[in-house]
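Derivation of every value follows stated rules applied to the coordinates shown; laboratory data play no part. Bear in mind the structure is a predicted one, so any value in this text is a computation, not a measurement.
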Amino acid sequence: MARPQSPDYDKRRDAILAAAAQLYARRGFQGVSVADLAKACGTSKSLIYHYFPSKDDILYAAMAAHLDALVAAAEEATRSGGAAARLRALTHAFMRLYVGAEDSHKVLLNELDNLPPERRAEVVAKQRRIIGAVEALVREIRPDAGGLTLPLTMLFFGMINWTHTWFRTGGALDADRLADMAVDLMLNGVQAS
């Protein structure tokens, strides 16, 4: 008979992923062993393996959890309204997810090459869905942009994706004000280009 799932299974799994993201962000995936992760979680290696079959699975799950939240936010934010309003809603949703997720974001940006090829392809597909959502909005805002649609899209991501390196809550800006600034810069730049 299979062992029943603990009532706090998801909570424990999420705690392992948070600890893994923190360790991977600071020391890199290759610099962290499952024993290091178990120690950081105050548990045993065998318990870590109860939740994840391999170290690669932990890395993938940490990336996928962050990306899945971003994909869901992009889909929700782009359901209705004009293109500029949808871009603003999407940016606000992304910035809210970025705040407090610095470790997950850093892992996503820096550790992709450590995934096995099939898992890497899954992560890249999710990233492309997110980029595609913004690219579609840019195309609506500037249908005459032609070959500049993707560069404009990537410039937008350049503005928001690196905020994890410098943005701190409690500073001069909150996440919503920063989102508005990014969208205003994007829209004014798109309209002026």
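With all projection directions averaged, the alpha carbon convex hull of the stretch 43-121 covers 6.6 nm². The average projected area of the chain, computed from the convex hull of its Cα atoms over all directions, is 13.4 nm². Dimensions of the stretch 62-106 from C-alpha coordinates, computed as largest minus smallest value along each principal axis and given longest first, are 33, 16, 11 Å.
Relative to the current alpha-carbon distance between residue 174 and residue 120, full extension at 0.36 nm per residue lengthens the span by 16.1 nm. Taking a temperature of 20 °C and a viscosity of 1.002 mPa s, what whole-number D in µm²/s does Stokes-Einstein yield for the stretch 105-144 with Rh from Kirkwood over alpha carbon pairs? The calculation lands on 186 µm²/s. The relative contact order of the chain comes to 23 percent, based on Cα pairs under 8 Å that sit 6 or more residues apart.
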